[in-house]
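Comments concern the structure below.
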Amino acid sequence: MWKFSIALMVAALFAFKADKPAYLLYDSHFKPVKYERMINELSEADIVFFGEQHNNPICHWLELQVTKDLYTNKKEKLILGAEMFETDNQTVISEYLDGIITAKQLETEAKVWQNYQTDYKPLVDFAQKNHLNFIATNIPRRYASIVSKGGLEALAKLSEEAKKNIAPLPIDVDLTLPGYAEMMKMGGMHSAGSTISAENITKAQAIKDATMASFILKNWVSGKTFLHYNGSYHSNNFEGIVWYLKKQNPALKIVTINSVEADDITQPNTKDKGSASFIVAIPSDMTKSY
């Protein structure tokens with residue numbers, strides 16, 4: 001009887017996997033890669049894109065770890081920037097970094113996201129503590145809304161002062177790029193009694209990408225690494241922001257990170273293969289931050 005009980009206990013032990021990693025790291029070909037190797041490669045880049053899932057806590061924890069480790073390698077040669085801040089909020093952010101205003105004033109006057117406190121404040125505070133620039137790169141949302149309703153030509157009505165907060169006009173949009181083409185397939189939408197076309201929705205995405213690229217380039221300095229935090233769809237498959245950067249400066253060394261979710265992170269979805277220089281696979285049942 002006791003032999004049978006021991007056998008049951010052994011079987012129960014082997015019924016569960018001993019390790020439960022919160023993430024696994026791969027290269028673009030889905031070959032496992034060590035974190036240290038990724039940091040070394042990021043340190044040699046001109047521009048790094050950390051493509052996150054906005055509500056995934058592992059992404060935000062890793063963003064902070066990558067920032068800290070890049071700073072160890074680069075020190076003052078590191079620049080930070082984010083989709084989560086709009087260009088017309090740069091003055092407020094800079095005043096906070098310089099210690100002129102308080103954290104509360106920053107959160108009140110800048111259009112911070114709902115998960116700012118838990119997910120992005122640690123990055124901004126790290127920049128302040130270590131005297132790093134933190135660049136607001138995204139187009140003010142009111143201007144993206146104008147494009148979604150009236151197309152890119154509607155931006156011509158803006159004042160010259162307002163245009164300083166967006167990419168230089170006119171901008172090229174290639175709607176045949178796979179990411180944009182996929183958006184086009186989703187069709188239009190109805191809002192406040194009017195129809196917004198799929199083409200204008202996609203162009204609103206493009207003006208975001210173009211503006212982020214423009215402000216990254218304005219603030220990047222040769223010899224430094226610009227680490228940019230954004231939703232993964234803005235840099236996946238080296239499209240979006242990356243496409244606009246390459247149009248302006250093909251010589252840039254750009255390294256991207258894509259965050260994906262998978263039921264089994266030892267076998268990520270093959271559709272994500274090649275989507276970035278490095279791929280972070282996170283369990284699909286990971287707790288969401290909102």
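Among the residues of this structure, residue 139 does not count as one that is farther than 18 Å from residue 235 by Cα and in contact with a helix residue (DSSP H, G or I) (Cβ under 6 Å, 6 or more places away or on another chain).
The residue that is surrounded by the most Cβ atoms within 10 Å (Cβ to Cβ), among those in region 81-122 that are among the hydroxyl-bearing types (Ser, Thr, Tyr) and under 15 Å from residue 52 (Cα atoms), is 120. If I ask for residues that are among the small types (Gly, Ala, Ser) and over 26 Å from residue 106 (Cα atoms), which ones from region 136-158 would you list? Matches in region 136-158: 148, 150, 151, 154, 156. Residues in region 92-127 that are assigned to a loop (DSSP other than H, G, I, E, B), in contact (Cβ under 8 Å) with a residue 24 or more places away in the chain and among the charged types (D, E, K, R): 111 only.
Number of residues in region 98-120 that are within 16 Å of residue 229 (Cβ to Cβ) and among the hydrophobic types (A, V, I, L, M, F, W, C) equals 3. Note on region 148-176: residues that are over 21 Å from residue 240 (Cα atoms) and in a loop (DSSP other than H, G, I, E, B) amount to 2. Consider region 31-66 and keep the residues that are surrounded by fewer than 17 Cβ atoms within 10 Å (Cβ to Cβ) and of a type in the set (Phe, Trp, Tyr). The one that is nearest to residue 113 (Cα to Cα) is 61.
Looking across region 22-43, the residues that are outside any helix (DSSP H, G or I) and of a type in the set (Ser, Thr, Tyr) come down to 23, 26, 28.
Just one residue in the set 146, 100, 93 is touching a strand residue (DSSP E or B) at 6+ places or on another chain (Cβ under 9 Å) and of a type in the set (Val, Ile, Thr); that residue is 93. Within region 267-290, being surrounded by 14 or more Cβ atoms within 10 Å (Cβ to Cβ) and β-branched (Val, Ile, Thr) holds for 279, 280, 282. With respect to the numbered conditions (1) within 25 Å of residue 240 (Cα to Cα); (2) in a helix (DSSP H, G or I); (3) not charged (D, E, K, R), which one is the sole condition not fulfilled by residue 79? (2) is the only condition that residue 79 fails. In this structure, residue 76 does not qualify as of a type in the set (Asp, Glu), buried (at least 17 other Cβ atoms within 10 Å of the Cβ) and either at pLDDT 95 or above or under 15 Å from the mean Cα position of the chain (by Cα) (or both). Return yes or no: is residue 130 within 28 Å of residue 66 (Cβ to Cβ), more than 20 Å from the chain's Cα centre (by Cα) and either surrounded by 14 or more Cβ atoms within 10 Å (Cβ to Cβ) or in contact (Cβ under 8 Å) with a residue 40 or more places away in the chain (or both)? Yes, satisfied.
Selection of region 195-253 for residues being free of Cβ contacts under 8 Å to residues at least 12 places away in the same chain and of a type in the set (Gly, Ala, Ser) yields 197, 251. Considering region 181-290, the qualifying strands (runs of 3 or more DSSP E), each wholly inside and each with 1 or more residues that are modelled with pLDDT of 95 or more, under 20 Å from residue 54 (Cβ atoms) and of a type in the set (Val, Ile, Thr), run over 254-262, 278-283.
The values are calculated or read from the model by the stated rules, or taken from the named source; none is laboratory data. Quick caveat: nothing in here was measured; it's all calculated off a predicted structure. Cβ atoms come from the backbone with ideal geometry, glycine included; neighbour counts cover every protein chain shown.
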